[in-house]
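Asker: Mind looking over this structure? Questions follow.
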Amino acid sequence: MSGGLFRIILYLLIVILPVLLTVLTGEPGGIMIDVGRNLALTGLMILVLQFLIASRIKWIERPFGLDILLRFHKFIAVGALCLLLIHPLLLTRGEAGWRLIFGLDLPWFIWAGRAALILLIGLVLVSIYQSRIGLSFEKWRLGHNIFAPAILVLIFIHSWFAGVDLELLSMQVLWISSFFLATVVFVYHRILRPMLLCRYPYVVQEVRRETDDVWSVKMAPPEGRAVYDYLPGQFHFLTFFRHPGLPVEEHHWTISSSPAKKDSITSTIKAVGDFTSTMGQTRPGDTVAVHGPFGRFSYMFHPEDRELIFLAGGIGITPIMGMLRYMRDTKDTRSAVLMYANRREDQIVFRDELEDMASGGYPDLTVVHVLSRPEDEWTGETGHLNRKKIEKYCGTDLKGKAFYVCGPLKMADALITTLQDMGVPQKKIRREIFSFLD
Amino acid sequence: MRSTYLNPTVIGVVAAVVAVSIVFGALRNFTVTEPADLPAEAAQGAQLFNDRGCSQCHFTDSDQTRMGPGLLGLFNRQNLPASDRPVSEENIRRQLMDPFRSMPSYADILTREEQDQIISFLKTL
């Protein structure tokens, strides 16, 4: 059994565990009511496990990649919300019970359940529509970190006092253990681990301007320590501590350096928002809390990939650059084609280094630049990455070739559709979804 | 591609959870046998007590309050716990039809015969 499948089955068993515990020992209340209870029990377990899923626990993340795990976290929250919305509807069982939903003179722990449900609806909707309502990532995360534990507390209170099944000792043990674990994980993830990372920060060695709005930040590990082990193409979370007045926020960026270099690690960052627009003000000597590595966007996870086709757009070049640098440093002889799309020539990142690699032999690299809005003197490919260009540089027989796609969401979606239309099997298309909220 | 499996996994997990909830919810009720020592009317009352959702709010093995007062030893008490009216069949019937405080009314839900069955069951507690 694969590691991913094992974890999914384990997840399912944990979610349905309360139902298994109560089936023969709990007090029946009628089918509709018992189904309503079960939906609440399982919905609650899903919410408890959300804290573990989002806490970047390596054992959980490893088979899936953090990008996929956090998307699962987002989608399953909608599932849990549906279960918990149906729960009170089934408990009412008709007109006599509608007071459970609409009545005002009800015990305080019913109100706790109502509050939890309303907050959960808000939390889920805001997370789904975060960009559309113009809420910054940082504000969204702050609200999430406040309301998610608040919901957990309210749910615990509601279920403890209102739940028939919580009279069972086994259920009480399960409930207390689960909520305790979620609390411990949350406190570790949000408070303890950041403190520990700050005790051994990396130090900025160099800030190099790659283009007008792209910076490479090279960081040295703490004194006496080596850079942590990572694979080319992975990413990490960085928190910069710079001049007072500059924001201190944690964000994730790809590692663009080669893991063959043990004395430093580099991330290449584009100014796309309020925080990243301050990257140019980062100075050597500034400290950085580093947490990584994460992700599965690396050819190292797929040793069977011998012919690599990299399709990159804009700053999506960074994980691919990490991979190409590692192939160069380890004198990897496999063949690789990089098709790199940008709007203008001055936006091409790592252009000189890519040319050097293409003539260096390791890997056997072909670089194709594609510009959508070139100046008149541009003689290279124009327009967008499309089927015609892929066939021109990769051939029409794509059997055995592995495609690594990284770039803006719409571009990546369109390219993947194109590759599928061209007959490339799903298992030969690799992609990283870089924005956790998309 | 990893993301291809994401939606089916989420849907699969939720579907499995719903299926388990329904199957085990049904199983829980069908594994219950009526107490052998209850008279027939009281046994039917016990079934109604569960089916009509009374057990959601009232303990039958305790006098502790859940959402409503516990009913253990109800007919051994002098007064009903919520309304403080004297314990009698008539006052219990009144509580079912025109409840004191936030208990929902069962006026349109329980027939006279069903009220008798529930009262028979309450007498056994």
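Asker: Pop the C-beta distance of B:LYS123 and B:ILE11 into the FRET formula with R0 = 45 Å and round what comes out to the nearest 0.05.
Answerer: Numbers: r = 50 Å, r/R0 = 1.11.
Efficiency, from the Cβ-Cβ distance: 0.35.
Asker: So, one more: P(r) for the stretch B:1-112, please, calculated from all Cα pair distances in 10 Å bins and given in %.
Answerer: P(r) for the stretch B:1-112, in whole percents per bin: 11, 32, 26, 14, 9, 6, 2, 0.
Asker: A further question follows. Rank by packing, highest mean first: peptides A:223-232, A:83-92, A:251-260, with packing defined as the count of other Cβ atoms within 10 Å averaged across residues.
Answerer: Ranked from most to least packed, the peptides come out as A:251-260, A:83-92, A:223-232.
Asker: On to the next question. Within the protein assembly as shown, what whole-number % of the accessible surface is contributed by carbon and sulfur, with the 1.4 Å probe and all protein chains included in the calculation? It would help to have the intermediate numbers written out before the result.
Answerer: Details: 15520 of 26180 Å².
Carbon and sulfur together cover 59 percent of it.
Asker: So, one more: Suppose a student asked you for the relative contact order of chain B, using Cα pairs under 8 Å spaced at least 6 residues apart; what percent would you report? All intermediate terms of the calculation are to be shown ahead of the outcome.
Answerer: Numbers: 115 pairs, mean separation 32.7, N = 125.
About 26 percent, as a whole number.
Asker: OK, next. Let me know the shape class of the stretch A:119-239, please: from the alpha-carbon gyration tensor, a ≥ b ≥ c as square roots of the eigenvalues, rounded when a/c is under 1.5, otherwise prolate if a/b is greater than b/c, or oblate.
Answerer: oblate
Asker: Using a 1.4 angstrom probe on protein heavy atoms only, which residues from the stretch A:149-188 are buried by at least 20 Å² of accessible area when all chains are present rather than their own chain alone?
Answerer: A:ALA162, A:VAL164, A:GLU167
Asker: Once you average over the residues of B:101-107, how many Cβ atoms of partner chains fall within 10 Å of each Cβ? Walk me through the intermediate numbers first.
Answerer: Working: counts 2, 8, 4, 9, 3, 1, 1.
Mean partner-chain Cβ count within 10 Å for B:101-107: 4.
Asker: Next question. Using the reciprocal of the averaged 1/r over all distinct C-alpha pairs, how large is the Kirkwood radius of the stretch A:241-292 in Å?
Answerer: Kirkwood hydrodynamic radius for the stretch A:241-292: 12.4 Å.
Asker: Going from the alpha-carbon gyration tensor of the stretch B:53-94, what semi-axes, largest first and in whole Å, does one get by taking the root of 5 times each eigenvalue?
Answerer: Working: eigenvalues 57, 24, 16 Å².
So the equivalent ellipsoid measures 17, 11, 9 Å along its semi-axes.
Asker: Give me the lysines in straight-line cross-link reach of A:LYS399: C-alpha distance below 30 Å, same-chain residues under 8 apart excluded.
Answerer: Those lysines meeting the cut-off are A:LYS331, A:LYS388, A:LYS389, A:LYS410, A:LYS427, A:LYS428.
Asker: Moving on to the next point. Please list log₁₀ I(q)/I(0) at q = 0.22 Å⁻¹ for the stretch B:54-125, using the Debye equation with identical point scatterers on the alpha-carbon positions.
Answerer: Log-scaled intensity ratios, in q order: -1.03.
Asker: Also: Once fully extended, how much extra length lies between B:ALA19 and B:SER88, figured as 0.36 nm per residue of separation less the alpha-carbon to alpha-carbon distance? All intermediate terms of the calculation are to be shown ahead of the outcome.
Answerer: Working: separation 69, 0.36 × 69 = 24.84 nm, distance 4.39 nm.
So the chain would gain 20.5 nm between B:ALA19 and B:SER88.
Asker: Would you mind computing the Rg to Rh ratio of the stretch A:1-142 from its alpha-carbon coordinates, Kirkwood style for Rh?
Answerer: 1.02
Asker: Cα convex hull of the protein assembly as shown: how many Å³ per residue? Display every interim value, and only then the final one.
Answerer: Numbers: hull volume 102.6 nm³, N = 563.
Taking the convex hull of the Cα positions in the protein assembly as shown, it is 182 Å³ per residue.
Asker: Any idea what Rg and Dmax come out to for the stretch A:1-71 if you just take the C-alpha atoms, in Å?
Answerer: Gyration radius and largest Cα-Cα distance of the stretch A:1-71: 14.8, 43 Å.
Asker: A further question on this structure: Between the stretch B:39-72 and the stretch A:148-217, what is the separation of their alpha carbon centroids in Å?
Answerer: Result: 41 Å between the Cα centres.
Asker: Something else about it: Note down the Stokes-Einstein diffusion coefficient of the stretch A:57-109 in µm²/s, whole number, using a Kirkwood radius over alpha carbon pairs, 20 °C, and 1.002 mPa s.
Answerer: So the translational diffusion coefficient is about 154 µm²/s.
Asker: Further question: Using a simple spin-label model with points 7 Å from Cα along the Cα→Cβ vector, what separation in nm is obtained for A:GLU355 and A:LEU13?
Answerer: Result for the modelled spin labels: 5.9 nm.
Asker: Taking Cα pairs under 8 Å and at least six residues apart, what relative contact order does the stretch A:292-395 come out at, in percent?
Answerer: Computed over the stretch A:292-395, the figure is 25 percent.
Asker: Given a cut-off of under 8 Å on Cα pairs at least six residues apart, what relative contact order in percent is computed for chain A?
Answerer: The value is 13 percent.
Asker: Could I ask something else about it? Find how many whole Å separate the alpha carbon centroid of the stretch A:39-101 from the alpha carbon centroid of the stretch B:85-125.
Answerer: 38 Å
Asker: Can you give the average number of partner chain beta-carbon atoms within 10 Å of each beta-carbon in peptide A:57-65, as a whole number?
Answerer: Mean partner-chain Cβ count within 10 Å for A:57-65: 1.
Asker: Same structure again: Whole angstrom only: what separates the Cα centroid of the stretch A:378-411 from the Cα centroid of the stretch A:245-311?
Answerer: About 24 Å separates the Cα centre of the stretch A:378-411 from the one of the stretch A:245-311.
Asker: Okay, next question. If I stretch the segment between A:GLU345 and A:GLN420 completely, what's the gain in nm (0.36 nm per residue apart, minus their alpha carbon distance), one decimal? Please list the in-between numbers first.
Answerer: On the way: separation 75, 0.36 × 75 = 27.00 nm, distance 2.93 nm.
Taking 0.36 nm per residue and subtracting the Cα distance, the gain is 24.1 nm.
Asker: What value does the stretch A:308-403 have for Rg/Rh, both radii from Cα atoms and Rh as Kirkwood defines it?
Answerer: On the way: Rg = 13.0 Å, Rh = 13.7 Å.
Using only Cα positions, Rg/Rh for the stretch A:308-403 is 0.95.
Asker: Apply the Debye scattering formula to the stretch A:234-356, with a single equal point scatterer on each alpha-carbon and no solvent, then give log10 I(q)/I(0) at q = 0.13, 0.18, 0.20 Å⁻¹.
Answerer: Relative scattering, expressed as log10 I(q)/I(0), comes to -0.59, -1.07, -1.26.
Asker: Mean residue ellipticity at 222 nm from the helices of the protein assembly as shown, using -39,500 (n - 2.57) per DSSP H segment of n ≥ 4 over the full residue count, to the nearest 500 deg cm²/dmol?
Answerer: -15000 deg cm²/dmol
Asker: Show me the helices of chain A, taken as full DSSP H stretches, that run 24 Å or more along their long axis by Cα and average -1.0 or above in Kyte-Doolittle hydropathy.
Answerer: Values: long enough: A:3-22 (29 Å, 2.34); A:31-53 (32 Å, 1.79); A:66-92 (40 Å, 1.72); A:108-128 (30 Å, 2.18); A:137-162 (36 Å, 0.92); A:169-187 (27 Å, 1.96).
What comes out of the filter, once short or polar helices are dropped, is A:3-22, A:31-53, A:66-92, A:108-128, A:137-162, A:169-187.
The values are calculated or read from the model by the stated rules, or taken from the named source; none is laboratory data. Fair warning: this is a prediction, and the values are worked out from it, not measured in the lab. Note that each Cβ is placed from the backbone with ideal geometry, even for glycine, and that neighbours are counted across all protein chains shown. These area figures cover heavy atoms from the full protein model, side chains too; ligands, DNA and RNA do not enter into them. Shrake-Rupley method; radii C 1.70, N 1.55, O 1.52, S 1.80 Å.
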